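Single-structure report; data block below.
The values are calculated or read from the model by the stated rules, or taken from the named source; none is laboratory data. Please read all numbers here as calculations on a predicted model, not as lab measurements. Cβ placement follows ideal geometry from the backbone for every residue including glycine, while neighbour counts extend to all protein chains displayed.
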There are 2 protein chains.
Amino acid sequence: MKSFLAIAKALSDETRVRALLSLQGGELCLCQVVDLLRLSPSTVSKHMSVLGQAGLVARRREGRWIYYRLSGATPAARAALRWARRSLEGEKAIAEDARRVCCIRGKDLNEVANCCYKE
Amino acid sequence: MKSFLAIAKALSDETRVRALLSLQGGELCLCQVVDLLRLSPSTVSKHMSVLGQAGLVARRREGRWIYYRLSGATPAARAALRWARRSLEGEKAIAEDARRVCCIRGKDLNEVANCCYKE
DNA sequence: GCTATACTTCGCCAAGTGACTAAATGAAAT
DNA sequence: ATTTCATTTAGTCACTTGGCGAAGTATAGC
C-alpha cells in the first residue's frame, strides 16, 4: 500500500507530472528540468527525489551533472507511467513543455546551468 | 490535467483507497463504509465526495440512504481504477477489508446506521 | 588544498488536507 | 407541521506539502 500511495502522491502535483513527462523524449539533466519548469533548483531537486522514491524515474551522475530518465522500477510504477502518458497525451501544457524541451536540449548544458543557478 | 490530478489526489490517501476498493464487491451505503473504516460519517462523506468528483465512484439515493459504487466516468478514471485494483490485489489490508465488508453486508442496514451515528 | 560549480538538504512560510464536532439539509414517518 | 434519521456542509485543529533562500555536500579544475 505504501508504494502505491507514494506513486499516487508523486503524480498528484502538476509540477511533478510535468517534470516526469518532460523525460519522455529521453533523459534530462536537473538544470534542464529547472529551466523548463522555471522553479528554483532546490524545489526541482526535491520533486525529482519524490519521483525517484516512487520508482517513476531513475538517475545517474556524471561528474557534477545529474541526469534523470523515465523508469518503471515496479509493476505498479510502470502501469502508473502508462496511465499518466495515455491520460495526458493530448494535454496542451504537456505539448508545450515538449516543444520547449527540444529548445533546451539544443542549448549548451553549461549555459543552461549558468542561467539556472545565477538567476 | 485538472482531471488527471483530481484522480491522482483521490488515490493518494489510504482511507480513500480503502473506501474505493471496498466497493469491488458491489455498491455500499455510506453507513456501511463508515462501519468499515471506523471514521466519522462526515469524514467518510467527504472522502466519497472526492472520489465522486474524480469520477471514480457514482452514487444514488434511496430515501435517506446513499449508495456508492465503482464507476469509471472517464477513460482516465477507468484506467486508474484498473491500475489501483491490479496494484493492490495482494494487499493484506485490502483483503482484510473485503472480509469485513462481507460481514457488514450481512448486517441489517438500520443496525449499521444506528451504530455509526450514535457512537 | 583551495576555488568553482551542480546539486541536495535544511529551515521557514503559506496554503492545503484529514479527522473531528456541530450545524444544516433532505427524506421519511407521524 | 413536527420529529426522526441519514447524510452533507461548515468550521476548527494539527499535520503535511510546495516554493523559496541559505547552508551543506559532492565533483572538477587548478
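Restricting to segment A:55-88, count the residues that are over 26 Å from A:A113 (Cβ atoms) and in contact (Cβ under 8 Å) with a residue 24 or more places away in the chain.
Total meeting the criteria: 9.
Test of understanding: among B:A73, B:A93, B:A113, B:A77, which residue is small (G, A, S) and modelled with pLDDT of 95 or more?
B:A77
Run down B:S40, B:S3 and say which single residue is among the polar types (S, T, N, Q), surrounded by fewer than 17 Cβ atoms within 10 Å (Cβ to Cβ) and without any contact (Cβ under 8 Å) to a residue 60 or more places away in the chain.
B:S40
When you scan segment B:1-105 for helices (runs of 4 or more DSSP H) that lie fully inside it, which ones turn up with 1 or more residues that are on the phi > 0 side of the Ramachandran plot and within 12 Å of DNA strand D (Cβ to nearest atom)?
none
Select from segment A:63-111 the residues that are of a type in the set (V, I, T) and over 21 Å from A:L5 (Cβ atoms) and write down the one among them that is nearest to the other protein chains (Cβ to nearest Cβ).
This residue is A:I94.
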